[in-house]
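Notes follow the structure.
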Amino acid sequence: MNQRIAVIGGTGDLGFGLALRWAQAGAEVLIGSRDEKKAQDAAQRVKDTLNSAALVSGLENTQACSQASVVVVAVPFSAQVGILKSIRDFLKDAILVDTTVPLAASFGGKATRVLGLWQGSAAAQARELVPPSTPVLSAFHNLSAEALQNLSATPDCDILVCGDDKLAKQTLFSLVKLIPGLRPIDAGPLEMSRIVESITALLISVNMRYRVHHSGIRITGLKPDAE
Ligand SMILES: NC(=O)c1ccc[n+]([C@@H]2O[C@H](COP(=O)([O-])OP(=O)(O)OC[C@H]3O[C@@H](n4cnc5c(N)ncnc54)[C@H](OP(=O)(O)O)[C@@H]3O)[C@@H](O)[C@H]2O)c1
């Protein structure tokens, strides 16, 4: 089945990068925003950048969710709860993919520190906030938005996917593989997201020391055809 991907926060750094790359690969993308006009402008930017008739449109968040089979949430940690509450009644049969990293920077702290959450992770917090019937995955935490948006280079990163629904994971794996340079890795159940989210703080620390913006991770030792 062809997926229709809504990217909530698709006007922002990570969300726009994902929307751009998926549109470039020919996927149908709905950019979501709290402001419909802002979403439409971002969709137009994707079309202008790709110089093509990309299958991308801009909608208010709830409208985007209600039309999508996969909903990727790419908003700051400080906005995650509010955004999930605002969209949860519009998810229908969609898979929810949470990208949130609970960095202390979301509340004025250090970007190299991760906040401790009662639920264990931002993904577990998302799990609590959407209907039990909605499959929840977490992914893309360790991927640089800058690497996605720079179309003259190929991103170089494994995408650690956490979640408890095998079918949903297969669907997301196929979407990850649409983007050159990305390899999906099954990182285990959703509770593993706690560790994956914290790796982002480590990468930010590496970025600072090496004066780059796009360090990523690769898992070694797997068979060549491993997923
Ligand atoms: N940037 C990266 O390289 C990167 C990499 C991996 C993971 N992440 C994670 O991905 C998520 C998004 O990161 P980002 O850097 O793309 O964020 P961002 O650019 O700061 O914001 C993304 C979008 O979130 C929406 N949003 C909704 N509620 C908001 C609020 N209360 N305040 C501000 N924005 C709000 C905004 O869209 P509208 O105004 O259009 O609604 C905004 O464009 C974060 O949780 C981050 O930890 C980021």
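All of the numbers you see were taken from the coordinates with simple rules; none came from a lab. Just so it is clear, the model here is predicted, and its values are computed rather than measured. Every residue, glycine among them, receives a Cβ derived from its backbone with ideal geometry; neighbour counts consider all protein chains shown.
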>> Tell me whether segment 123-142 contains one or more residues that are out of contact with any strand residue (DSSP E or B) (no Cβ under 7 Å at 6 or more places or on another chain), within 13 Å of residue 194 (Cβ to Cβ) and not small (Gly, Ala, Ser).
In response: yes
>> Anything in segment 26-44 that is farther than 14 Å from residue 67 by Cα, more than 9 Å from the ligand (Cβ to nearest atom) and among the acidic types (Asp, Glu)? List them, or say none.
In response: 36, 41
> Within the set of pairs 6 or more residues apart or between chains, which connect a residue that is touching a residue at least 24 places away in the same chain (Cβ under 8 Å) inside segment 200-227 to a residue that is basic (Lys, Arg) and assigned to a loop (DSSP other than H, G, I, E, B) with Cβ atoms less than 8 Å apart?
Replying inline: 201/113
>> I'd like the full set of residues that are in a helix (DSSP H, G or I) and either more than 25 Å from residue 115 (Cβ to Cβ) or of a type in the set (A, V, I, L, M, F, W, C) (or both), limited to segment 178-209.
In response: 190, 192, 195, 196, 199, 201, 202, 203, 204, 206, 208
> When residues of segment 1-25 are filtered for being without any contact (Cβ under 8 Å) to a residue 60 or more places away in the chain, of a type in the set (Gly, Ala, Ser) and more than 16 Å from the ligand (Cβ to nearest atom), how many remain?
Replying inline: 1
>> Let me confirm something: among 175, 148, which residue is surrounded by 16 or more Cβ atoms within 10 Å (Cβ to Cβ), outside any loop (DSSP other than H, G, I, E, B), in contact with a Lys or Arg (Cβ under 6 Å, 6 or more places away or on another chain) and among the aliphatic types (A, V, I, L, M)?
In response: 148
